[in-house]
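The values are calculated or read from the model by the stated rules, or taken from the named source; none is laboratory data. What you see is a predicted model, and the numbers here were worked out from it, not measured in a lab. FYI the Cβ positions are ideal-geometry reconstructions off the backbone, even for glycines, and counts take in every protein chain you see.
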Amino acid sequence: MTNQTTMETSNPAEQEVRDRLTRRPWPTTPIRSGAEVSFEFFPPSTPAGEANLVDCAQTLAAFGPSFMSVTYGAGGTTQDRTLQTIKQLASTEVAPIAGHLTCVGATRNTVDGVIDQYLSLGVRHIVALRGDPPEGHTDGTVEGGYRTAAELVAGIRQRADGHGFADEDFEISVGAYPEVHPRAASANADLDNLKAKFDGGATRAITQFFFDPDVFLRFLDRARSAGITAPIVPGIMPVNSYQGIKRFADRCGASIPTWLDDLFGGLDEAPEIRQLVAATVAAEQCRRLAEHGVRHFHFYTLNKPELSAATCRILGLAPTAARSSTNTTRTQVAS
Ligand SMILES: Cc1cc2nc3c(=O)[nH]c(=O)nc-3n(C[C@H](O)[C@H](O)[C@H](O)COP(=O)(O)OP(=O)(O)OC[C@H]3O[C@@H](n4cnc5c(N)ncnc54)[C@H](O)[C@@H]3O)c2cc1C
């Protein structure tokens with residue numbers, strides 16, 4: 001049999017393709033890179049959604065995530081549901097739980113009250129965000145409230161200190177924007193803002209989702225050049241619904257590469273094929289990042305475990321049978 005990938009050709013474009021194929025490991029062995037993963041969920045609004053989230057968290061807990069986080073609606077719109085979901089997941093003890101918190105449209109008292117509730121639920125990790133102002137508002141800051149995520153980080157750190165937590169015992173994650181936050185004055189201002197969040201006491205940044213791995217790698221280079229040494233974790237968004245992702249990307253300034261359109265075009269009514277393509281895209285994205293030394297991946301699960309689980313397997317993470325099959329924790333959650 002001829003080894004096609006090592007054959008020379010005088011056509012530069014063809015040679016480029018052959019060289020690229022030669023560089024790829026084959027067969028598609030798991031990356032086995034010592035990957036660390038974390039998963040993000042949103043608080044469900046129905047009993048069926050709650051049951052689904054428990055199943056989803058159980059499935060993904062089998063991959064030994066460093067944490068699972070629950071989002072928080074800007075302006076406190078999901079406050080009760082977020083707290084309820086955190087309570088429910090925390091009781092399963094399957095993974096450390098992080099609570100998201102936003103400060104836009106809320107008084108300092110309200111925000112501080114939520115921090116205290118998180119602490120009383122045993123939460124030792126907050127994902128601190130400004131949050132988006134309501135439609136039609138440009139700012140959303142409340143008189144005397146935390147104006148930015150950097151201020152919120154400092155406030156959380158102060159409050160955690162007040163409760164006797166050393167910095168290493170209480171984690172604060174923040175958002176970062178590889179393609180620049182749509183409302184930032186400039187890319188450099190956005191990076192200065194990220195720096196301010198670390199100066200205020202943040203532990204790590206988690207990025208907005210992106211699809212081109214080079215977008216993240218370039219951003220990481222810029223952050224390192226700007227003196228940011230803390231961990232910056234890529235946010236991986238498996239494509240469950242391509243139309244939904246396009247709308248979301250438009251709102252948050254994430255670009256959709258042409259190749260993604262090519263891959264998902266015409267698959268709106270073909271969910272099985274779409275899932276196969278989506279798993280490949282997420283795995284390839286993680287593989288390329290892993291090749292460049294990235295070891296922690298944060299998955300935006302949208303409360304659907306399949307694509308994140310498939311990607312974890314390709315990253316070389318084996319699910320722990322004890323975690324994935326016992327009903328013990330499930331029973332605890334349901335009770
Ligand atoms: C990992 C991650 C998790 C998230 N989780 C949630 C969540 O649970 N709930 C939720 O509601 N949202 C969430 N978001 C979205 C986030 O709230 C928005 O992106 C928000 O617009 C900015 O939040 P921030 O904390 O990054 O803000 P900041 O760090 O304060 O600002 C980020 C950048 O945006 C600029 N900016 C932001 N707002 C304004 C403004 N009004 N005027 C001018 N410039 C502005 C800043 O100057 C800065 O450059 C999440 C985002 C990420 C990346």
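Scanning the range 232-254 for residues that are surrounded by fewer than 19 Cβ atoms within 10 Å (Cβ to Cβ) and within 25 Å of A185 (Cα to Cα) yields a count of 7. Scan the range 12-57 for residues that are out of contact with any strand residue (DSSP E or B) (no Cβ under 8 Å at 6 or more places or on another chain) and modelled with pLDDT of 85 or more and the total you get is 12. Contact annotation: no residue pair with Cβ atoms under 8 Å, 6 or more positions apart or on different chains, pairs a residue in the range 182-201 that is among the basic types (K, R) with a partner that is modelled with pLDDT under 95 and part of a helix (DSSP H, G or I). Hey, does the range 269-291 have a residue that's over 27 Å from G131 (Cα atoms) and not in a helix (DSSP H, G or I)? Yes, because at least one residue in the range 269-291 is over 27 Å from G131 (Cα atoms) and not in a helix (DSSP H, G or I).
Yes/no matrix, rows are residues, columns are (1) at pLDDT 95 or above; (2) more than 16 Å from the ligand (Cβ to nearest atom):
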| residue | (1), (2) |
| --- | --- |
| N188 | yes, no |
| N193 | yes, no |
| L220 | yes, no |
| R224 | yes, yes |
| I228 | yes, no |
| P234 | yes, no |
| M237 | yes, no |
| A249 | yes, no |
| G253 | no, no |
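Just the residues that are among the small types (G, A, S) and surrounded by fewer than 19 Cβ atoms within 10 Å (Cβ to Cβ), please, taken from the range 42-74. Hits for the range 42-74 are S45, A48, G49, A51, G64, S66, G73. Tell me yes or no: at least one residue of the range 92-107 is surrounded by 14 or more Cβ atoms within 10 Å (Cβ to Cβ), more than 25 Å from P65 (Cα to Cα) and among the small types (G, A, S). Within the range 92-107, one or more residues are surrounded by 14 or more Cβ atoms within 10 Å (Cβ to Cβ), more than 25 Å from P65 (Cα to Cα) and among the small types (G, A, S).
Going residue by residue through the range 272-290, is there one that turns out to be modelled with pLDDT of 95 or more, under 30 Å from A90 (Cα atoms) and among the charged types (D, E, K, R)? Looking for residues that are modelled with pLDDT of 95 or more, under 30 Å from A90 (Cα atoms) and among the charged types (D, E, K, R), one finds none in the range 272-290, hence no. Counting residues in the range 231-245 that are farther than 30 Å from P305 by Cα and either polar (S, T, N, Q) or without any contact (Cβ under 8 Å) to a residue 24 or more places away in the chain (or both) gives zero. Considering only residues in the range 155-178 that are within 16 Å of the ligand (Cβ to nearest atom) and part of a loop (DSSP other than H, G, I, E, B), the one that is surrounded by the most Cβ atoms within 10 Å (Cβ to Cβ) turns out to be P178.
Restricting attention to the range 215-227, the residues that are β-branched (V, I, T) and surrounded by 19 or more Cβ atoms within 10 Å (Cβ to Cβ) add up to 0.
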